[in-house]
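Asker: Quick one: the structure is below, and I'll ask about it shortly.
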Amino acid sequence: MQSVDRDKKEKKKNLKRSRSSLCNMPLTDSNVAPPLDSCTLFPVEEIVQSPLPGCGVPSAISFSPDDSIITFLFSPDHTLNRKVFAFDLKTRKQELFFSPPDGGLDESNISPEEKLRRERLRERGLGVTRYEWVKMGLTKKAIMVPLPAGIYFQDFSSSKPELKIPSAVCSPIVDPHLSPDGTMVAYVRDWELHVLNLLRNESKQLTYGANGSSLTHGLAEYIAQEEMERKNGYWWSLDSKFIAFTQVDSAEIPLFRIMHQGKSSVGSEAQEDHAYPFAGASNVKVRLGVVSAAGGPITWMDLLCGGADQANNEEEYLARVHWMHGNILIAQVLNRSHSKLKMLKFDIKKGRREIILIEEQGTWVNLHDCFTPLDKGVTRFSGGFIWASEKTGFRHIYLHDANGTCLGPITEGDWMVEQIAGVNEAAGLVYFTGTLDGPLESNLYCAKLFIDGIRPLEAPVRLTQSKGKHVVVLDHHMRTFVDIHDSLDSPPRVSICSLEDGSLIMPLYEQPCTIPRLKGLPLEPPEILKIPANDGTTLYGALYKPDVTRFGPPPYKTLVSVYGGPSVQLVCDSWANTVDMRAQYLRSQGILVWKMDNRGTARRGLKFEGSLKYKAGQIDADDQLTGAEWLIKRGLAKVGHIGLYGWSYGGYLSAMTLARFPDVFCCAVSGAPVTAWDGYDTFYTEKYMGLPYENPSGYENSCVMHHVHKMKGRLLLVHGMIDENVHFRHTARLVNALVMAGKPYELLIFPDERHMPRRHRDRIYMEERIWDFIERSL
């Protein structure tokens, strides 16, 4: 959404479209926003606009190879349509660096494959969505920008970009990446791996035999993209001589067909087939090969992942792939039950393997991106690596030698390391983000790489200054960093800081003194509260209270906004909670909104997260009940007037909680819910619930249909019919159970939408229908 003042005509139009107001205030032609203590209208359209107020800040920030320039994606008019801008650190001047010649990416000019990749990346950006610096090779400073029209190169000495490789919808270029030496770019086309030599302007196909329907080269499979956060299917060696890549064989996976029921046509254009591995069934087969960047024979590593449905398959998932110095190839391989991760080292000439590290957990092994190879022969750490483990119950980083032997911890304590931001080997320092100052924040810290024989470890030094969330980008020379900071009270701002002490060097982007879209909108940060779970565990909640001067004192009608699933945290000190526009809209209508992270959610350690094991829909719903009862006891919520809202896992949890506790919750909005875990994918489901035949009672008790006979409240189901992640059949199966039990329900479907509606009109319509349901049901 554009963060600019609407003109008088647009404001009047929005006011007329708004379905409800805080009082019977007549519409006027005034273009002056009323004061916040008056009967302010909050148009429902505000819920769906993107980016959110104050969130249209620079993204994809990167330093040039010589650290003299910072580039980033930005939209000056605060829309989703972004371009590449450059900030010169010496002159402190900012300028437009790259503007797409044809307008760049929009939802109508990309291939079906890219549309699905955007779904899995949760990408909504338009125009330019990614770019890469040419780090070496070319004498000029240049970037590569992949667009639907093809791969463009732009250098600072030219005003016109060069289209290096044209693309086509029928044969799109997928996932291009530059070689480390900057002389080549690899990409996938027609399901095969290709390389373009930029110096000779020659393209070469490296792999053969793919067919697209069941065999691909260089592409990450669905499970890797959706569940493992592995978006890539190939990896350049550090010296740019080789490429490791995956071969994915889905021939043995039964295809799941999705019909486009909203199309006027029938046939192949109105259907799509997906090799979707359901819980308990087989996964795709994944092989790992290595090929010379110049072409030639492929060496296959001694590894075959997937293709088996037994619980004890130790090499089920190819989780991560890395290159170390000396062309040593590393693969992280996870077993089917998620209890063991092996790190394998390969001889790329013969494909032979060696196990150098094993990570085992009774709960489960969480994947991460903290593996960091160290330079060979540069320092005393010679060719080792940094690795993160949760063996103490919290993720911390450890130093390992080249053979995988652990030399000791770098961090420790009842908090977690999130990401490694950079390593200065010469100085013996590692920089990382983590939760040392509390699980609601994220800060940048510095720790010594290794201290021989000293116990306890020295406490890490915090480098970021303000409370809240910090996302950082370090320069190549380890002198400065870019800090993207936000909090409940502060919209995101971008600063350049010293890596020595965290002090401010200069601002890169600061919010306008008044964010135009906040004028007239009654936005207030939620209050963050602590409450005890039934076992005494501290749970964090966020409370959005209606204005007491307009709606009187509590108790209020209440909506509980839930997610509750693993790997996600809702309640934190972040601007995202302040601009939760649905919560703010409901608050403006006199409804109290409550969010709470139950046991099983992220950033609280393995014990807290592991509470969910085999107990989906049980311990998480129990905690949400505890939260509702806490509100009632304090006189904030009205008994009999508490509803739920959630999407995806949150949609599942809202429906489950409504069914399990019918005397407390009176209604629920359940968006794209997983209603039965036997209908979801292998990786996610089996990690938390085990295999279906090993835990039949757990699967039964976690199924929403098992509890619908107890349901008393109203239920609104919302689902896109071409959702390839949580299939529409989840909602259909629940509807069958509701009919069988004689329970009423309401259904809102979108025939042409996937996991979350993207089209603007669809999203507005959805929010209008949801508000209508809440207004009637609370």
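The values are calculated or read from the model by the stated rules, or taken from the named source; none is laboratory data. Every value quoted in this text rests on a predicted model; they were computed, and no experiment measured them. So basically every Cβ, Gly included, is an ideal-geometry build from the backbone, and we count neighbours across all protein chains shown.
Asker: Give K633, K615 a once-over and let me know the one that is more than 29 Å from E227 (Cβ to Cβ) and among the charged types (D, E, K, R). Quick ask: steps written out before the conclusion?
Answerer: Working: K615 fails: more than 29 Å from E227 (Cβ to Cβ).
Answer to the selection: K633.
Asker: Follow-up. Return the only residue of L644, L631, L653 being more than 15 Å from A533 (Cβ to Cβ) and more than 21 Å from the chain's Cα centre (by Cα).
Answerer: Values: L631 fails: more than 15 Å from A533 (Cβ to Cβ); L653 fails: more than 21 Å from the chain's Cα centre (by Cα).
Testing whether each residue is more than 15 Å from A533 (Cβ to Cβ) and more than 21 Å from the chain's Cα centre (by Cα) leaves just L644.
Asker: Further question on the same structure: Within region 511-541, how many residues are among the β-branched types (V, I, T) and modelled with pLDDT under 95? So that I can check it myself, show each step before the final result.
Answerer: The first filter runs over region 511-541 and keeps only residues among the β-branched types (V, I, T), leaving 514-515, 528, 531, 537-538.
Now narrow it down to the ones that are modelled with pLDDT under 95: 514-515.
Total satisfying the criteria: 2.
Asker: Right, here's the next one. Can you tell me which residue among E746, E724 is of a type in the set (D, E, K, R), modelled with pLDDT of 95 or more, surrounded by fewer than 21 Cβ atoms within 10 Å (Cβ to Cβ) and over 23 Å from the mean Cα position of the chain (by Cα)? Walk me through it before giving the result.
Answerer: Numbers: E724 fails: over 23 Å from the mean Cα position of the chain (by Cα).
When all the criteria are applied, what remains is E746.
Asker: Here are some residues: G536, G600, G617. Which one is surrounded by fewer than 22 Cβ atoms within 10 Å (Cβ to Cβ) and more than 18 Å from E46 (Cβ to Cβ)?
Answerer: Exactly one of G536, G600, G617 is surrounded by fewer than 22 Cβ atoms within 10 Å (Cβ to Cβ) and more than 18 Å from E46 (Cβ to Cβ), namely G536.
Asker: Taking the condition under 28 Å from V726 (Cβ atoms), β-branched (V, I, T), in contact with a Cys (Cβ under 7 Å, 6 or more places away or on another chain) and part of a strand (DSSP E or B), does V286 pass? Steps first, answer last, please.
Answerer: Details: under 28 Å from V726 (Cβ atoms): yes; β-branched (V, I, T): yes; in contact with a Cys (Cβ under 7 Å, 6 or more places away or on another chain): yes; part of a strand (DSSP E or B): yes.
It is true that V286 is under 28 Å from V726 (Cβ atoms), β-branched (V, I, T), in contact with a Cys (Cβ under 7 Å, 6 or more places away or on another chain) and part of a strand (DSSP E or B).
Asker: Follow-up. Checking the structure you have, find out if any residue of region 762-773 is in contact with a strand residue (DSSP E or B) (Cβ under 6 Å, 6 or more places away or on another chain) and surrounded by fewer than 19 Cβ atoms within 10 Å (Cβ to Cβ). Show your work before the answer.
Answerer: Start the filter on region 762-773 by keeping residues that are in contact with a strand residue (DSSP E or B) (Cβ under 6 Å, 6 or more places away or on another chain), which leaves 762, 769-770, 773.
After this cut, where a residue has to be surrounded by fewer than 19 Cβ atoms within 10 Å (Cβ to Cβ) as well, the list is 762, 769.
For region 762-773, residues in contact with a strand residue (DSSP E or B) (Cβ under 6 Å, 6 or more places away or on another chain) and surrounded by fewer than 19 Cβ atoms within 10 Å (Cβ to Cβ): present.
Asker: Another question, if that's okay. If a residue has to be in contact (Cβ under 8 Å) with a residue 60 or more places away in the chain, within 24 Å of V430 (Cα to Cα) and touching a strand residue (DSSP E or B) at 6+ places or on another chain (Cβ under 8 Å) to count, how many in region 475-515 make the cut?
Answerer: 12
Asker: Being more than 27 Å from the chain's Cα centre (by Cα), surrounded by fewer than 17 Cβ atoms within 10 Å (Cβ to Cβ) and outside any helix (DSSP H, G or I): is that true of G438 here? Write out each step before concluding.
Answerer: Details: more than 27 Å from the chain's Cα centre (by Cα): no; surrounded by fewer than 17 Cβ atoms within 10 Å (Cβ to Cβ): yes; outside any helix (DSSP H, G or I): yes.
In short, no.
Asker: Can you say whether H485 is assigned to a strand (DSSP E or B) and within 28 Å of K135 (Cα to Cα), as far as the supplied structure shows? Show your work before the answer.
Answerer: Values: assigned to a strand (DSSP E or B): yes; within 28 Å of K135 (Cα to Cα): yes.
Yes; evaluated as a whole, the condition is true for this residue.
Asker: Got at least one residue in region 273-289 being surrounded by fewer than 17 Cβ atoms within 10 Å (Cβ to Cβ) and in contact with a strand residue (DSSP E or B) (Cβ under 9 Å, 6 or more places away or on another chain)? Give the derivation first.
Answerer: So in region 273-289, the residues surrounded by fewer than 17 Cβ atoms within 10 Å (Cβ to Cβ) come out as 273-274, 281.
Still in the list and also in contact with a strand residue (DSSP E or B) (Cβ under 9 Å, 6 or more places away or on another chain): 273-274.
Scanning region 273-289, I find at least one residue that is surrounded by fewer than 17 Cβ atoms within 10 Å (Cβ to Cβ) and in contact with a strand residue (DSSP E or B) (Cβ under 9 Å, 6 or more places away or on another chain), so the answer is yes.
Asker: Looking at region 446-461, is at least one residue part of a loop (DSSP other than H, G, I, E, B), at pLDDT 95 or above and not assigned by TED's automatic domain parsing to the domain that holds A602? Outline the logic, then answer.
Answerer: If we filter region 446-461 for residues that are part of a loop (DSSP other than H, G, I, E, B), which is where we start, we get 449-460.
In the following step, the residues that additionally are at pLDDT 95 or above were identified as 460.
Imposing the further condition that a residue be not assigned by TED's automatic domain parsing to the domain that holds A602 reduces the set to 460.
Yes; the residues of region 446-461 include at least one that is part of a loop (DSSP other than H, G, I, E, B), at pLDDT 95 or above and not assigned by TED's automatic domain parsing to the domain that holds A602.
Asker: May I pose another question? If you check L121, L105, L116, L96, which single one turns out to be more than 20 Å from R758 (Cα to Cα) and touching a residue at least 12 places away in the same chain (Cβ under 8 Å)?
Answerer: L96
Asker: Something else about it: Could you tell me how many of the residues in region 365-395 are crowded, with 17+ Cβ neighbours inside 10 Å, at pLDDT 95 or above and at positive phi?
Answerer: So the count comes out to 0.
Residue by residue, here is whether (1) closer than 20 Å to C667 by Cα; (2) among the β-branched types (V, I, T); (3) touching a strand residue (DSSP E or B) at 6+ places or on another chain (Cβ under 8 Å) holds:
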{"position": "P553", "(1), (2), (3)": "no, no, no"}
{"position": "T558", "(1), (2), (3)": "yes, yes, yes"}
{"position": "L570", "(1), (2), (3)": "no, no, yes"}
{"position": "D573", "(1), (2), (3)": "no, no, yes"}
{"position": "A576", "(1), (2), (3)": "no, no, yes"}
{"position": "L586", "(1), (2), (3)": "yes, no, yes"}
{"position": "L606", "(1), (2), (3)": "no, no, no"}
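Asker: Quick one: which residue in I243, I223 is assigned by TED's automatic domain parsing to the domain that holds L288, within 24 Å of the chain's Cα centre (by Cα) and of a type in the set (V, I, T)? Please lay out each step first, then the result.
Answerer: Working: I243 fails: within 24 Å of the chain's Cα centre (by Cα).
Result: I223 is the single residue among I243, I223 that is assigned by TED's automatic domain parsing to the domain that holds L288, within 24 Å of the chain's Cα centre (by Cα) and of a type in the set (V, I, T).
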